[in-house]
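Here the structure comes first, spelled out in C-alpha cells, and everything after it is commentary.
Bear in mind these aren't lab numbers, they're just calculated from the coordinates by the rules spelled out. Owing to the predicted nature of the structure, the values given are computational and were not obtained by experimental measurement. Virtual Cβ from ideal backbone geometry, glycine too; neighbours counted across all protein chains shown.
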Amino acid sequence: MGTTKEHSKAIRDKIVEGHKDGKGYKTLSKELALPVSTVGSIIRKWKAYGTVNLPQPGQPFKVSSRAEARLVRMVKADPRTTRRELQEDYMVVGTLGSINTISNILHRNGQGPSKVCS
C-alpha cells in the first residue's frame, strides 16, 4: 500500500470552484492531473462540511514531546520509579498529568506497565 498525501488548500479550492462552475469530476481530474476518486472525495467532503479544511480528529496531547522524552529517559535510568513519583516530579516542574496519562505515555514509548511499578 502506498502512502497518502494531503493536497494543498489551493488545489482543493480549484476543485470546489470548478465544481461550482459546473465542471464534471472527469474534467477536473484531467485538468489537475488527479484521480477521479480524489476529486470526488474532496467535493463530497465540501458538500458535507461546507469547507475544504477539515479539523484534525481527536484531542491534542496534554504533554509536550520534550516532556514525554524526559519522562521516558527518567524511566530508562531508573525502571523501578513509580508512576506516582513521576507524577509528583512533573507537578514540581509545572506540568500536570494524571497517572493514567503517564501510563499512556510510557506505553506508547515501549515502557509498558510491566516495566514500571505502580
On Cα atoms only, tilt of 36-49 relative to the major axis of the chain in degrees: 70
Grab the DSSP H runs of the chain that are 4 residues or longer, score each as -39,500 (n - 2.57), total them, divide by all residues and round the 222 nm result to the nearest 500 deg cm²/dmol. -17500 deg cm²/dmol
How high is the relative contact order of the chain, given as a whole-number percent (alpha carbon pairs under 8 Å, six or more residues apart)? 19
Answer in debye to the nearest 20: the dipole magnitude of the stretch 1-114 about its Cα centre, from +1 Lys/Arg and -1 Asp/Glu charges placed on Cβ, is 360
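Kirkwood Rh over Cα pairs of the stretch 65-115 into Stokes-Einstein at 4 °C, 1.567 mPa s: D in µm²/s?
D, rounded to a whole number, is 121 µm²/s.
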Cα-only radius of gyration and Dmax that characterise the chain, units Å: 23.1, 66
Using just the alpha carbons, could you tell me how many Å³ per residue the convex hull of the stretch 9-49 encloses? 57
Rounded to one decimal in nm, the spacing of the 7 Å Cα→Cβ label points at residue 92 and residue 74 is 0.8
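Could you put 98, 103 in order, starting from the residue whose Cβ has the fewest other Cβ atoms within 10 Å? Walk me through the numbers on the way to the answer.
Values: 98 11, 103 18.
Listing 98, 103 from fewest to most nearby Cβ atoms yields 98, 103.
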Principal-axis tilt of helix 83-93 within the chain, Cα atoms, nearest 10 degrees: 80
Relative contact order (%) - the stretch 65-115, alpha-carbon pairs under 8 angstrom, separation at least six: 36
Sort 93, 75 so that the residue with the fewest other Cβ atoms within 10 Å of its own Cβ comes first and the one with the most comes last. 93, 75
